[in-house]
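Asker: For reference, the structure I am asking about is given below.
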Amino acid sequence: MVVKFCLKEDKTGKSNLKVFLLGFVMIFLLFSCGREKQYNFLIITIDALRADHLSCYGYKYNTSPEIDKFAEKAIIYEDAFCPIPKTSASLASMLTGLHPMVHKTKPNLGTLKDKFLTIAELLKMKGYETGASVFNGNLDRSFGFNQGFDFYDEVWKRDPAKGNSAKNITEAAIKFIKEKKGKKFFLWLHYIDPHAPYIPPPEYFVQEEKGININSLKKRIVVGLGRKNWINLEKNPLSGYYLSLYDGEIRRVDHYVGEVLKFIEKQGLKNKTVIIISADHGEELGKHNFFFGHGPLAFNSSIRIPMIVWIPGKRHRKSSLPVSNMDIYPTITQLLSLRLPYDIQGTSLLSPRRRRKLLILALGGHALISYPYKLVVTNDKFASALGINKEYLFNIEKDPLELNPLQITPSIGIEFFRLSRRFNEVYENISAPYFSTWEKKKRKLPRKTIENLKTLGYL
């Protein structure tokens with residue numbers, strides 16, 4: 001296995017490094033504008049969206065009719081993962097193709113450093129009109145996520161209501177596409193709906209099952225308990241009620257994603273546009289006694305994400321190759337026949353690789369994937385608080401829902417020991433507290449961003 005490194009920290013001045021990279025890439029682009037295909041690019045990420053809660057991934061409830069319709073003609077990656085189940089660090093990986101241990105963007109309220117070349121910057125140099133419409137205070141422009149975007153719409157600053165966000169993002173997307181008619185564009189939309197608090201309108205809420213009584217659990221963690229009473233375990237103690245709320249949020253965002261997809265098709269742009277639907281991470285809904293949040297655990301419920309890709313001319317298929325949202329960046333560069341000035345950890349989604357190795361961080365542990373096996377490690381603190389084991393082994397190809405833990409045999413144990421040692425050599429001690437490795441720079445945030453972060457439970 002080869003684990004690639006990118007640029008090391010520049011201690012003399014990140015601006016000089018960035019200027020050098022931009023100049024290098026600009027010169028390269030001048031000599032690489034031959035016969036490559038011309039595409040528009042649309043990336044849609046949906047916050048806290050679990051793959052296994054979409055009907056096209058086998059979910060038993062009809063949560064996603066519009067996304068399902070899109071998936072019928074697209075490539076569905078069945079084993080897609082985020083590199084860390086937190087928004088800031090995960091989306092920094094998507095925009096740069098780098099592992100979190102390399103870009104070192106803090107999991108929450110983290111800055112995407114200026115020295116890295118984002119996909120928006122690369123496409124802008126290639127002559128693309130670049131835009132984004134996002135709803136999550138972690139993506140505030142002061143954190144650097146606007147790098148390379150001509151249009152960067154922080155929706156919460158003009159309408160703070162989470163319930164209006166999908167409509168506002170969709171309207172901004174349609175307006176952007178209309179205005180760029182006849183021009184190449186790159187557009188990123190980040191919807192927030194499945195992220196807590198789960199507050200779907202009544203028309204999207206359908207009680208699906210009863211679930212367990214959360215109050216009956218001796219060991220549990222309930223994120224957001226008591227925050228503005230969206231969780232009321234005295235009135236609604238059954239987990240099925242909250243799971244239905246979560247699914248209602250998926251139904252709502254599915255409707256608005258469908259509006260964008262229909263508009264693309266109506267404008268005759270679908271056969272000119274690469275469309276990717278994915279997520280920053282999943283969501284824990286109680287399976288491991290952890291409710292309504294994400295971050296500490298590295299089970300599939302937190303780290304398995306949808307990856308549905310439409311590429312004009314490519315046939316519909318399902319792929320069991322292990323992929324990551326780090327892979328979106330190199331996929332775009334491959335489609336445009338571009339090379340990068342430095343190595344990244346992402347690999348094009350179009351490249352075959354059955355035996356991929358992945359390190360997935362969590363705030364309370366980590367996961368190692370040597371496909372098809374996955375080892376989940378949880379630290380003492382969270383394992384004790386949740387009443388779960390510290391280590392689990394799964395065959396995620398046969399058991400994506402992780403229902404049947406396997407015995408860790410000596411041969412598999414040795415394989416994962418070697419994999420762990422290899423990652424430790426390339427990155428850092430993966431069992432160390434991760435917050436100690438991220439920058440802790442404080443900054444003054446806009447008032448509306450602070451309010452948004454409080455609503456979403458970050459502050």
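Asker: Only one of Arg304, Arg252 is modelled with pLDDT of 95 or more, among the basic types (Lys, Arg) and closer than 17 Å to Lys86 by Cα; which? Quick ask: steps written out before the conclusion?
Answerer: Values: Arg252 fails: closer than 17 Å to Lys86 by Cα.
Within the list Arg304, Arg252, the selection yields Arg304.
Asker: If you go through segment 264-313, how many residues are touching a helix residue (DSSP H, G or I) at 6+ places or on another chain (Cβ under 8 Å) and of a type in the set (Lys, Arg)?
Answerer: The total comes to 3.
Asker: Here is a list: Glu234, Glu209, Glu179. Which entry is more than 22 Å from the chain's Cα centre (by Cα), of a type in the set (Asp, Glu) and more than 29 Å from Lys287 (Cβ to Cβ)?
Answerer: Working: Glu234 fails: more than 29 Å from Lys287 (Cβ to Cβ); Glu209 fails: more than 29 Å from Lys287 (Cβ to Cβ).
Answer to the selection: Glu179.
Asker: Looking at segment 42-66 only, could you name the residues that are on the phi < 0 side of the Ramachandran plot and assigned to a loop (DSSP other than H, G, I, E, B)? Before you say what the answer is, go through the steps one by one.
Answerer: Of all residues in segment 42-66, those on the phi < 0 side of the Ramachandran plot come to 42-47, 49-57, 59-66.
Selection gives Asp47, Leu49, Arg50, Leu54, Tyr59, Lys60, Tyr61, Asn62, Thr63, Ser64.
Asker: For residues that are more than 16 Å from the chain's Cα centre (by Cα) and buried (at least 16 other Cβ atoms within 10 Å of the Cβ), scanning just segment 351-362, find the one that is modelled with the highest pLDDT.
Answerer: Of all residues in segment 351-362, those more than 16 Å from the chain's Cα centre (by Cα) come to 351-357.
Next, from what is left, pick out any that are buried (at least 16 other Cβ atoms within 10 Å of the Cβ): 356-357.
Values: Arg356: 84, Lys357: 91.
Restricting to residues being more than 16 Å from the chain's Cα centre (by Cα) and buried (at least 16 other Cβ atoms within 10 Å of the Cβ), the top hit is Lys357.
Asker: Further question: Does Gly282 meet the test of being of a type outside the set (S, T, N, Q), within 26 Å of Pro100 (Cα to Cα) and within 20 Å of the chain's Cα centre (by Cα)?
Answerer: Working: of a type outside the set (S, T, N, Q): yes; within 26 Å of Pro100 (Cα to Cα): yes; within 20 Å of the chain's Cα centre (by Cα): yes.
It is true that Gly282 is of a type outside the set (S, T, N, Q), within 26 Å of Pro100 (Cα to Cα) and within 20 Å of the chain's Cα centre (by Cα).
Asker: When Asp193 is evaluated against the numbered criteria (1) free of Cβ contacts under 8 Å to residues at least 60 places away in the same chain; (2) within 30 Å of Asp150 (Cβ to Cβ); (3) of a type in the set (Asp, Glu), which criterion, by number, is the only one it fails?
Answerer: That leaves (1) as the condition not met.
Asker: Collect the residues in segment 37-64 that are hydroxyl-bearing (Ser, Thr, Tyr) and out of contact with any strand residue (DSSP E or B) (no Cβ under 9 Å at 6 or more places or on another chain), keeping them in residue-number order.
Answerer: So the first thing to find is which residues in segment 37-64 are hydroxyl-bearing (Ser, Thr, Tyr), and the list is 39, 45, 55, 57, 59, 61, 63-64.
Matches in segment 37-64: Ser55, Tyr59, Tyr61, Thr63, Ser64.
Asker: A further question on this structure: Can you tell me which residue within segment 145-172, out of those that are in contact with a Ser or Thr (Cβ under 6 Å, 6 or more places away or on another chain) and of a type in the set (Gly, Ala, Ser), is nearest to Lys104 (Cα to Cα)? Reasoning before the result, please.
Answerer: The initial filter retains those residues of segment 145-172 that are in contact with a Ser or Thr (Cβ under 6 Å, 6 or more places away or on another chain), namely 147-150, 153, 155, 169, 172.
Pick out the ones that are also of a type in the set (Gly, Ala, Ser) and you get 148, 172.
Numbers: Gly148: 19, Ala172: 31 Å.
Among them, the one singled out is Gly148.
Results for (1) of a type in the set (D, E, K, R); (2) in contact with a Gly (Cβ under 6 Å, 6 or more places away or on another chain), shown as yes or no for each residue.
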{"residue": "Arg315", "(1), (2)": "yes, no"}
{"residue": "Gln334", "(1), (2)": "no, no"}
{"residue": "Thr347", "(1), (2)": "no, no"}
{"residue": "Ala362", "(1), (2)": "no, no"}
{"residue": "Ile369", "(1), (2)": "no, no"}
{"residue": "Phe382", "(1), (2)": "no, yes"}
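Asker: Being within 22 Å of Ile277 (Cβ to Cβ), surrounded by fewer than 19 Cβ atoms within 10 Å (Cβ to Cβ) and of a type in the set (Gly, Ala, Ser) narrows it down to one of Gly313, Gly387, Gly413, Gly346, so name that one.
Answerer: Values: Gly387 fails: within 22 Å of Ile277 (Cβ to Cβ); Gly413 fails: within 22 Å of Ile277 (Cβ to Cβ); Gly346 fails: surrounded by fewer than 19 Cβ atoms within 10 Å (Cβ to Cβ).
Checking each option against the conditions leaves just Gly313.
Asker: Quick check on this structure: which one of Leu261, Leu245, Leu233 is over 29 Å from Pro100 (Cβ atoms), assigned to a helix (DSSP H, G or I) and touching a helix residue (DSSP H, G or I) at 6+ places or on another chain (Cβ under 7 Å)?
Answerer: Exactly one residue qualifies, and that residue is Leu261.
Asker: Just give me the residues in segment 210-226 being assigned to a loop (DSSP other than H, G, I, E, B) and touching a helix residue (DSSP H, G or I) at 6+ places or on another chain (Cβ under 9 Å), in sequence order. Break it down stepwise before answering.
Answerer: Of the residues in segment 210-226, the ones assigned to a loop (DSSP other than H, G, I, E, B) are 210-212, 217-220, 223-226.
Matches in segment 210-226: Lys210, Gly211, Ile212, Lys219, Arg220.
Asker: If you don't mind, another one. Return only the number of the condition from (1) closer than 30 Å to Pro312 by Cβ; (2) at pLDDT 95 or above; (3) in contact with a Leu (Cβ under 6 Å, 6 or more places away or on another chain) that Thr45 does not satisfy.
Answerer: Result: Thr45 passes all but (3).
Asker: Restricting attention to strands (runs of 3 or more DSSP E) lying wholly within segment 296-396, give those where 2 or more residues are within 18 Å of Phe417 (Cα to Cα). Full working, then the answer.
Answerer: Working: elements: 308-310, 317-324, 357-362, 365-370, 373-378, 391-395.
Correct list: 357-362, 365-370, 373-378, 391-395.
Asker: Let me ask another. Would you mind telling me which numbered condition in (1) surrounded by 12 or more Cβ atoms within 10 Å (Cβ to Cβ); (2) modelled with pLDDT of 80 or more; (3) over 30 Å from Pro160 (Cα atoms) Thr437 fails?
Answerer: So Thr437 meets the others, but not (2).
Asker: Among all residue pairs at least 6 apart or on different chains, which show Cβ distances below 7 Å where the first residue, located in segment 245-267, is farther than 15 Å from Lys162 by Cβ and the second is polar (S, T, N, Q) and in a helix (DSSP H, G or I)?
Answerer: Close Cβ pairs satisfying both conditions: Glu259/Thr170; Val260/Thr170.
Asker: While we're looking at this one, here's another question. If I ask for residues that are buried (at least 17 other Cβ atoms within 10 Å of the Cβ) and farther than 26 Å from Ile46 by Cα, which ones from segment 205-232 would you list?
Answerer: Once the filter is applied, which keeps residues that are buried (at least 17 other Cβ atoms within 10 Å of the Cβ) and farther than 26 Å from Ile46 by Cα, segment 205-232 yields Ile214, Arg220.
Asker: Asn229 is checked against (1) more than 21 Å from Lys454 (Cα to Cα); (2) free of Cβ contacts under 8 Å to residues at least 24 places away in the same chain and fails just one. What number does that condition carry?
Answerer: (1)
The values are calculated or read from the model by the stated rules, or taken from the named source; none is laboratory data. Here the structure is a predicted model, which means the values were calculated and not measured. With ideal geometry, Cβ positions are generated from the backbone for all residues, glycine too; neighbour counts draw on all protein chains shown.
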